[in-house]
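The values are calculated or read from the model by the stated rules, or taken from the named source; none is laboratory data. Predicted, not measured: the structure shown is a model, and the values here were computed from it. All Cβ positions, glycine included, derive from the backbone under ideal geometry; neighbour counts span all protein chains shown.
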Amino acid sequence: MSTGALTAETGKHTGRSPRDKFFVKEPTSQEAIWWHAGNRPITESSFDGLLARAAEFVRTHEVFTQDLFACADPSHRLRVRVVTELAWHSLFARNLFIRPTADDLMGFQPDFTVISLPSVKADPKTDGTRSETFILVNLGRRMVVIGGTQYAGEIKKSIFTALNYLLPAKGVFPMHCSANVDGDGGNEALFFGLSGTGKTTLSADPNRRLIGDDEHGWSESGVFNFEGGCYAKTSRISKQAEPEIFAATESFGTILENVAYDRRTRLPDYDSDAKTENTRAAYPVDLIPNAVLSGTGGHPRNVIFLSADAYGVLPPVARLDDDQIRHYFLAGYTAKVAGTERGVTEPEPIFSTCFASPFLVLPPDTYADMLIDRVHRHDSQVWMLNTGWAGGPYGVGKRMSIAHTRAIVSAVVEGRLRDVSTHEDPIFGLQIPDRVPGVPSEVLDPRGTWPDPEAYDRQARKLKGMFEENAKNIGKGGTGGG
């Protein structure tokens, strides 16, 4: 690009390939893994065969190696070696993981190795894979081998998957969330949410400092970023609405993945989805001016679950009790709106267990128990925010005002709702604050925003039934999204 950023295309794979991800069934981990439709087993012999093919490729071709860190907290740091066929994948890894000093590299021995070779393809008939694409996680060998896909996100998420297995044994809760803190420190907040719920937008608050935008651990010392970079969606971003992220996309060394551009001016076109809607920018976190460069913080005072409810029935904000924390964390809910995909004519629920279903290795209750334990011990309050629709479902109601949502987030993180009186939602049983500074009282009552309250009741009961049905399937692999 003329801005100094590097553009890269990933071919037919413009996102992750979760159905092509396998865990090697081996003695040290097979009893611990949550086996379900999203965590498929593959034999050690199949892994050994594909690893041998990868090793032969490395022996006969030029490849690129980066020695890096995951986990900003030095006491939980993971030494990661990333071997890639593509030079830009090597740069991607350097942008996204934590970059060691020259002294750190002296005698570097990896704790985990990721090998990404798009040219190495599997034969499903002989290798036991679903297709020519494969992501093989061998927890016993501390290794991931990736082939048949150029999508760089597989590299980043393979280590997140590994940390979801390794860290709970060390008493660290791994989380798929963003985190920020006030300017003085000591008032951290976590934001859980699936794509489209506002996780990145709401955590990138100019009045607060960004700890990280995607993956964190919660240890006895506090929260810490797993990464040293950001992998931000760029679809339809603008300099006016997201100035910090936009500036990072124009920086030298940033990778713009599948972003269309004008070949004459070499300027990116963020409004184009010619290649995919999942366009991305990968850049070091220090390009964000208010980032916490240590990647660490204290124990969060507030934990926020974000859901873009396209059914238009969840309240804009609710305080959760213990049972609700577990229920809504395990649900990991948002909704796909009608018209975003062919054949989707009404809102469609998406449930991703713990807001991280594709990356969970252990049974879901393991992670839910860790969250509730930490909330109790550190007096954190947990909230659910609806960043979706009110006054009716998508197509009838209106999207929640971003100004109102920002006012709610500000009130939550500043502690102005901790002692506010609440009233109970009659269908979901959620505790809704009676008042929020800067938000009209009528906005806080979802039923009252509908012109036909009985229609609201029918829609709310319908969604509640979906939650209950999903809850029956958790632990059986009945979850999706992520």
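Odds and ends about this structure:
- Where a residue in the range 57-73 is on the phi > 0 side of the Ramachandran plot and its partner, wherever it lies, is not in a loop (DSSP other than H, G, I, E, B), with Cβ under 6 Å and at least six apart: C71/L78
- Residues that are outside any loop (DSSP other than H, G, I, E, B), of a type in the set (S, T, N, Q) and under 22 Å from G298 (Cα atoms), drawn from the range 364-392: Q381
- On inspection, Y456 does not qualify as touching a residue at least 40 places away in the same chain (Cβ under 8 Å), assigned to a loop (DSSP other than H, G, I, E, B), in the same structural domain as I325 (by TED's automatic domain parsing) and not acidic (D, E).
- Just one of the listed residues (P289, P300) is under 26 Å from G217 (Cβ atoms), surrounded by fewer than 21 Cβ atoms within 10 Å (Cβ to Cβ) and of a type outside the set (S, T, Y), namely P289.
- Given (1) in a helix (DSSP H, G or I); (2) on the phi > 0 side of the Ramachandran plot, index of the condition G395 fails: (1)
- Considering (1) modelled with pLDDT under 90; (2) within 20 Å of Y333 (Cα to Cα); (3) buried (at least 18 other Cβ atoms within 10 Å of the Cβ), the lone condition that I245 does not fulfil carries the number (2).
- Given (1) more than 27 Å from A162 (Cβ to Cβ); (2) surrounded by fewer than 22 Cβ atoms within 10 Å (Cβ to Cβ), index of the condition L385 fails: (2)
- Close contacts from the range 278-300, counting a first residue that is over 17 Å from P74 (Cα atoms) and a second that is outside any loop (DSSP other than H, G, I, E, B) and of a type in the set (S, T, Y), with Cβ to Cβ under 7 Å and a gap of 6+ residues or different chains, come to R280/Y231; A281/T249; A282/Y231.
- Of all residues in the range 119-130, exactly one satisfies the criterion of being hydroxyl-bearing (S, T, Y) and crowded, with 21+ Cβ neighbours inside 10 Å, namely T129.
- Selected residue (criterion: nearest to Y283 (Cα to Cα)) from residues of the range 54-100 that are surrounded by fewer than 23 Cβ atoms within 10 Å (Cβ to Cβ) and β-branched (V, I, T): I98
- Only listed residue being of a type outside the set (G, A, S) and touching a Ser or Thr at 6+ places or on another chain (Cβ under 9 Å), chosen from D321, D262, D273: D273
- Among the residues of the range 148-169, some residue qualifies, meaning at least one is within 22 Å of the chain's Cα centre (by Cα) and either at positive phi or surrounded by fewer than 18 Cβ atoms within 10 Å (Cβ to Cβ) (or both).
- Positions within the range 14-23 being out of contact with any Gly (no Cβ under 7 Å at 6 or more places or on another chain), crowded, with 18+ Cβ neighbours inside 10 Å and not hydroxyl-bearing (S, T, Y), in sequence order: D20, K21, F22, F23
- Single unsatisfied condition, V259 versus (1) surrounded by fewer than 24 Cβ atoms within 10 Å (Cβ to Cβ); (2) modelled with pLDDT of 90 or more; (3) more than 25 Å from N302 (Cα to Cα): (1)
- Test: residue in the range 104-118 that is β-branched (V, I, T) and surrounded by fewer than 16 Cβ atoms within 10 Å (Cβ to Cβ): no
- Just one of the listed residues (V439, V409, V382) is in the same structural domain as S357 (by TED's automatic domain parsing) and touching a strand residue (DSSP E or B) at 6+ places or on another chain (Cβ under 6 Å), namely V382.
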